[in-house]
1. Can you give me the angle between helix 62-72 and the longest principal axis of the chain, using Cα atoms only, in degrees from 0 to 90, rounded to the nearest 10?
2. Rounded to the nearest 20 debye, what is the charge dipole size of segment 16-153 about its Cα centre when +1 sits on each Lys and Arg Cβ and -1 on each Asp and Glu Cβ?
3. Among Gly48, Phe106, Pro60, flag the residue with its Cα farthest along the positive direction of the charge dipole of segment 3-148, charges on Cβ as +1 for Lys/Arg and -1 for Asp/Glu.
4. Cross-link partners among lysines for Lys149, C-alpha distance below 22 Å, same-chain residues fewer than 8 apart left out?
5. Along segment 79-89, what does the Karplus equation 6.51 cos²θ - 1.76 cosθ + 1.60 (θ = phi - 60°) give for ³J(HN,Hα), rounded to whole Hz, x for Gly and Pro?
6. Can you tell which of Asp30, Asp112, Asp90 shows the greatest fluctuation in a Gaussian network model of the chain with Cα springs below 10 Å?
Amino acid sequence: MDDETRRVIRCVWDALKPGGRFVAEFGGKDNVGTVVRAIIRVLGREYGRDVSPLNPWYFPSIAEYSTLLERQGFRVVYAAHFDRPTRMKDGENGLRVWMAGFADFFFEGLTDREKEDAIRRIEPETRPALFRDGAWHIDYKRLRIMAVKPKIE
């Protein structure tokens with residue numbers, strides 16, 4: 001978590017009138033975790049690269065995000081963390097298409113050949129958990145939260 005998350009919460013606070021509600025849904029703790037862990041494992045094992053620091057994503061738990069909201073002054077009235085596996089439309093190529101669109105930054109500095117080799121190693125590591133019924137299902141986990149800016153009394 002970084003200062004940007006705190007700034008966003010502060011901006012939401014500043015935009016709301018007393019009694020206003022903040023309702024949001026975004027990636028929660030362990031969102032796309034199976035894929036990210038496999039990428040980190042394969043690139044570490046096969047290329048000696050620790051790509052963990054390249055990960056720009058912040059996927060908080062209910063407790064983490066609620067604490068940030070409460071520190072700002074919000075009253076959290078609802079929070080849910082749930083699985084939302086999402087079927088990719090590209091059949092056997094679904095995982096590689098997803099990685100090209102969302103996780104390509106992990107492969108920076110690799111040649112095209114190395115990247116292709118890494119992807120071929122990531123696919124079998126994630127297949128047992130993410131491939132079924134002829135398609136890849138990315139392991140999205142969502143956090144849905146509602147908080148209120150208290151009325152001034």
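Read-outs: derived from the displayed coordinates by stated rules, not from any lab. Just so it is clear, the structure is predicted and the values come from calculations on it, not from any experiment. In this analysis, Cβ positions are derived from the backbone assuming ideal geometry, glycine residues included, and neighbour counts consider all displayed protein chains.
1. For 62-72 against the chain, the angle is about 40 degrees.
2. 680 debye
3. About the Cα centre, the residue reaching furthest to the positive side is Pro60.
4. Correct list for Lys149: Lys17.
5. Each residue of segment 79-89 in turn: 7, 9, 10, 9, 6, 9, x, 10, 6, 7, 7 Hz.
6. Residue with maximal mean-square fluctuation among Asp30, Asp112, Asp90: Asp112.
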